Amino acid sequence: MCLLLLFLLPAQFNTFFFIPDSIIHGIPIDLLAPALYVTDILIVVLIILNLPALIKASRVRRPHLMRKALILTLVSLFLILNIATSLSPLISVYKFLKVVELIAIFWIIRTIKLNRNHVISVFLAMALLQLGLSLAQIIGGHSLQGIFYLLGERSFSLSTPGIAKVSMQGVEILRAYGTFPHPNVLGGFYLLLYSFVLFTPSLSSQNRFGIQKNIFIITSTLLILFSFSKVAIFGFAVLTTFHVLRKKSSCMLCKLSSIMVPLALAGVFLLAQGDVETIGKRLWLATTSLMIIREHLFTGVGLGAYLIAQGQFPIPYSYHFLQPVHNIFLLLLAELGIPLFSLLSYLLTQLIVPLRKSPAIMAGLFVIAFIGMFDHYWLTIEQTMLLIPVVFGLMQRERGVI
């Protein structure tokens, strides 16, 4: 069951439930609609099967009991206030349940019996499927549909309005979507998995996982490049360079070639010309987010309700452009308010500080923070939201990571 969940992480086969608050300017907005994914069903089953272990894990340990209890009480009070004053309490309750789901899957992945070889095999199998589908989309200039519809592939082509594409040497190229809602999400998803496999010592090429690891690294590299996500590609270049430099080797030429080849590939794909308005859009979204934060300093607009506030601003484009601010820190600050954002930041810092000497964990945090400076999907898209607790849960299991 757990391996099936890992295999289906990139899938987006779901059904949306559009409520009145999910409709802005007469247009249904997916990001505001409660949704039921196939992965949600699998997670609920896993929660039921592992309920005793989850209850045990939720108990507060004795050290610093009073301080932890005080902080958790404050978080709970501000969270209740956040939901009660939300621009859409129903959406906020749904998002809160989603957070509970993410915490539960972290503890399940961390504690359940999983064969490392099977985990890598599952990730590799889906990555190869995504690569084949992505190449077919790029070459054909459209989606394949058919059986891939069941995995959540959307119907699109180069002529679809708003579709993500780039231009290279005057030739229009469809960016790889795979089964993801946007190529940027595809790139970020496999960059996080790339960092996990690359920096986990127990998956080194000197053991029986070496062949699978190397094939996965090559596959995920291609998926990152074919997504044409500039942020993901730049993050890939940084991680690869850091990984090569930290390895002990007397062969400087080998190190240099190990750095230059991926950097040259990254450079070629970074030269592709995408949406010329992308910087302007991000700046406009950041500016409006600061206005929203200023108006909702204490309680925020409500968990998951950001787009309702964003929809109140006039759109300076000739088409309907309604997206969350492309920065997870501004997005969280706007939705939660300063007190709750500060408390959660403190709790997160307390968790990270003891783990700062782990290259694998720091690499994963770098991917989330770096991409999070320029995009929102770690907090808004099902696949990447689920991937975070899965990856860090797997890291907690590995020797040499913690």
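The values are calculated or read from the model by the stated rules, or taken from the named source; none is laboratory data. All values derive from a computational prediction rather than experimental measurement. Don't worry about glycine lacking a Cβ; one is built from the backbone with ideal geometry, like all the others, and counts go over all protein chains shown.
Does residue 345 fit the bill of being out of contact with any helix residue (DSSP H, G or I) (no Cβ under 7 Å at 6 or more places or on another chain), in contact (Cβ under 8 Å) with a residue 24 or more places away in the chain and farther than 18 Å from residue 108 by Cα? Against the criterion (out of contact with any helix residue (DSSP H, G or I) (no Cβ under 7 Å at 6 or more places or on another chain), in contact (Cβ under 8 Å) with a residue 24 or more places away in the chain and farther than 18 Å from residue 108 by Cα), residue 345 does not qualify. For the range 92-121, the set of residues classified as within 20 Å of the chain's Cα centre (by Cα), surrounded by 15 or more Cβ atoms within 10 Å (Cβ to Cβ) and of a type in the set (Val, Ile, Thr) consists of 105, 108, 109, 119, 120, listed by residue number. When the residues of the range 369-390 are filtered to those that are within 24 Å of residue 116 (Cα to Cα), crowded, with 22+ Cβ neighbours inside 10 Å and among the aliphatic types (A, V, I, L, M), the one that is farthest from the chain's Cα centre (by Cα) is 390. With the condition kept exactly as written, say whether any residue in the range 122-141 is over 22 Å from residue 225 (Cα atoms), without any contact (Cβ under 8 Å) to a residue 24 or more places away in the chain, out of contact with any helix residue (DSSP H, G or I) (no Cβ under 6 Å at 6 or more places or on another chain) and surrounded by fewer than 19 Cβ atoms within 10 Å (Cβ to Cβ). No, there is no match, as no residue in the range 122-141 is over 22 Å from residue 225 (Cα atoms), without any contact (Cβ under 8 Å) to a residue 24 or more places away in the chain, out of contact with any helix residue (DSSP H, G or I) (no Cβ under 6 Å at 6 or more places or on another chain) and surrounded by fewer than 19 Cβ atoms within 10 Å (Cβ to Cβ).
Evaluating residue 159 against the criteria (1) farther than 13 Å from residue 10 by Cβ; (2) part of a loop (DSSP other than H, G, I, E, B); (3) in contact (Cβ under 8 Å) with a residue 60 or more places away in the chain leaves one unmet condition, (3). Yes or no: the range 318-332 includes at least one residue that is loosely packed, with under 12 Cβ neighbours inside 10 Å, touching a helix residue (DSSP H, G or I) at 6+ places or on another chain (Cβ under 9 Å) and of a type outside the set (Gly, Ala, Ser). Scanning the range 318-332, I find no residue that is loosely packed, with under 12 Cβ neighbours inside 10 Å, touching a helix residue (DSSP H, G or I) at 6+ places or on another chain (Cβ under 9 Å) and of a type outside the set (Gly, Ala, Ser), so the answer is no.
Residues are listed down the side, and each one gets a yes or a no for (1) acidic (Asp, Glu); (2) buried (at least 18 other Cβ atoms within 10 Å of the Cβ); (3) assigned to a helix (DSSP H, G or I):
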position	(1), (2), (3)
211	no, no, yes
215	no, no, yes
219	no, yes, yes
223	no, yes, yes
228	no, yes, no
231	no, yes, yes
238	no, no, yes
241	no, no, yes
245	no, no, yes
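Quick check: is even one residue across the range 324-336 at pLDDT below 95, out of contact with any Leu (no Cβ under 8 Å at 6 or more places or on another chain) and of a type outside the set (S, T, N, Q)? Within the range 324-336, not a single residue is at pLDDT below 95, out of contact with any Leu (no Cβ under 8 Å at 6 or more places or on another chain) and of a type outside the set (S, T, N, Q). Before we move on, is residue 345 polar (S, T, N, Q), in a helix (DSSP H, G or I) and touching a Pro at 6+ places or on another chain (Cβ under 9 Å)? Here the answer is no, as residue 345 does not meet what is asked.
Considered as a group, the residues in the range 142-152 that are outside any helix (DSSP H, G or I) and modelled with pLDDT under 90 include one that is surrounded by the most Cβ atoms within 10 Å (Cβ to Cβ), and that residue is 152.
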